[in-house]
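Before any comments, here is the structure.
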Amino acid sequence: MAHTRSTLARFIFDNSLLLLAGTIAAVVWANLDLSSYDRLTHPLHFWVNDVGMVFFFALAAKEVFEATLPGGPLASPRHAMAPLTAAVGGMVAPALIYVALTSTVGPAELSRGWAIPCATDIAFSAMIARVIFPSGHPAIPFLLLLAIADDALGLMILAVFYPSGPLSVAALGMLMTAAVLAALWLKRRRVGSFWPYVLGPGSLSWAALYFGGFHPALALVPIVPFMPHSPRDLGLFDPRETVQVDTLNQFEHWWGTPVQFVLLLFGLANAGVPFEQVGPGTYFVLAGLLLGKPIGIMLFSGAARLAGASLPAGLHLADLVVIGITAAIGFTVSLFFATAAFPAGAALAETKMGALLSFSAAPLALIASRLLRQRAG
């Protein structure tokens with residue numbers, strides 16, 4: 001049964017405020033008593049990062065998949081070209097800036113974290129965009145589509161570049177084949193409950209990734225498209241989705257609330273960094289996000305226009321600047337990339353702090369918006 005939500009709960013969940021609460025608690029705790037923080041949160045890492053986050057990435061995969069359905073923003077190549085190209089630019093430029101900094105001013109071991117500044121936190125970025133832009137402004141759906149594409153590319157980066165251990169092609173191939181065949185069988189049998197997909201193919205997929213050396217948090221990503229779904233996409237955050245009864249939407253309705261508590265634990269277990277551990281990795285991540293995101297999004301959006309793509313009506317260059325800064329809030333996926341890239345130590349602590357401080361993009365976006373409006377006026 002889907003979880004019902006009050007207006008307050010919906011606001012808290014839709015804006016990932018439990019994740020923010022867990023993060024703040026972790027930072028305060030780590031700065032007051034780091035030893036007790038490490039001792040008590042270490043056992044959570046496996047259950048949160050490798051098990052609980054399976055459902056977070058599954059919900060992200062659902063939004064990406066639905067965006068490709070008829071009526072979705074990725075269904076039409078002509079409409080999708082500009083935001084997709086902008087998303088690529090918003091990942092390439094941060095990675096290049098990060099790698100350039102690690103190669104020139106080092107230390108070189110930080111280079112493994114090149115993907116950390118590539119991420120955009122869709123929930124927090126959307127929240128800030130709704131504060132900056134009036135309702136109905138084309139910048140909001142443009143940013144959401146950009147963030148969805150960012151999620152899709154981020155899932156691929158995590159799978160390909162950040163294996164969780166020694167790779168075993170045999171284990172991956174056999175178990176993942178079994179998972180896909182099981183999911184296909186369930187789909188052909190028109191199984192309407194999402195539980196068989198999660199417990200059967202989902203478990204096989206998790207085992208395939210875990211024993212194959214890939215990150216098991218992606219276990220449900222290849223299973224999501226097999227769940228019976230609506231023939232059309234209604235749009236991200238569309239209120240009509242709350243009454244959809246297809247299997248895929250039932251999955252989202254049921255897991256939406258538990259995932260928020262998973263994110264609370266994710267923040268609590270992963271975000272505890274003492275302030276004195278700010279270092280080069282912190283600055284490299286921030287440079288990649290705060291400089292690379294807006295630069296990449298603007299340059300690649302311009303390239304898309306030259307290639308024949310059109311920006312949404314009413315979206316101007318000044319809006320792209322603000323969108324680029326807003327998209328620099330990396331946070332959740334940046335934190336996850338950091339934990340995947342580095343073992344416990346200085347590099348992990350420094351890059352985590354960079355992901356946390358990416359929240360500074362929020363006030364910067366607000367300031368940029370006001371300055372650009374004054375200049376336009």
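In segment 322-339, which residue that is under 19 Å from residue 350 (Cβ atoms) and of a type outside the set (A, V, I, L, M, F, W, C) is surrounded by the most Cβ atoms within 10 Å (Cβ to Cβ)?
Residue satisfying both the conditions and the ranking: 330.
Scan 72, 89 and give me the residue that is in a loop (DSSP other than H, G, I, E, B) and within 21 Å of the chain's Cα centre (by Cα).
72
Output the residues belonging to segment 353-377 that are more than 17 Å from residue 120 (Cβ to Cβ) and buried (at least 21 other Cβ atoms within 10 Å of the Cβ).
Residues satisfying the conditions are 353, 369.
Out of all the residues in segment 304-322, is one or more polar (S, T, N, Q) and closer than 28 Å to residue 108 by Cα?
no
With respect to residue 40, is the statement that it is in contact (Cβ under 8 Å) with a residue 12 or more places away in the chain, farther than 25 Å from residue 115 by Cα and either surrounded by fewer than 22 Cβ atoms within 10 Å (Cβ to Cβ) or among the aromatic types (Phe, Trp, Tyr) (or both) true?
no
Given the criterion closer than 30 Å to residue 43 by Cβ, small (Gly, Ala, Ser) and at pLDDT below 90, identify the matching residue among 271, 313.
The conditions single out 271.
Looking at 365, 304, 347, 318 in this structure, which one is within 20 Å of the chain's Cα centre (by Cα) and either assigned to a helix (DSSP H, G or I) or at pLDDT 95 or above (or both)?
Step by step, each of 365, 304, 347, 318 is checked, and only 365 is within 20 Å of the chain's Cα centre (by Cα) and either assigned to a helix (DSSP H, G or I) or at pLDDT 95 or above (or both).
Which condition number does residue 204 fail, the rest of (1) at pLDDT below 90; (2) farther than 28 Å from residue 359 by Cβ; (3) out of contact with any Gly (no Cβ under 7 Å at 6 or more places or on another chain) being met?
Evaluating residue 204 over (1) at pLDDT below 90; (2) farther than 28 Å from residue 359 by Cβ; (3) out of contact with any Gly (no Cβ under 7 Å at 6 or more places or on another chain) leaves (1) as the failure.
Go through (1) at pLDDT 90 or above; (2) farther than 17 Å from residue 321 by Cα one by one and return the number of the condition residue 106 breaks.
Among (1) at pLDDT 90 or above; (2) farther than 17 Å from residue 321 by Cα, the lone unmet condition for residue 106 is (1).
Between residues in segment 88-101 that are closer than 15 Å to residue 303 by Cα and residues that are basic (Lys, Arg), which pairs lie under 8 Å by C-beta distance while being six or more apart or on different chains?
Cβ pairs passing all conditions: 90/293; 93/293.
The values are calculated or read from the model by the stated rules, or taken from the named source; none is laboratory data. Please read these numbers as outputs of a predicted model, since none were measured by experiment. Neighbour counts are summed over all protein chains in view; Cβ atoms, including those assigned to glycine, are modelled from backbone coordinates with ideal geometry.
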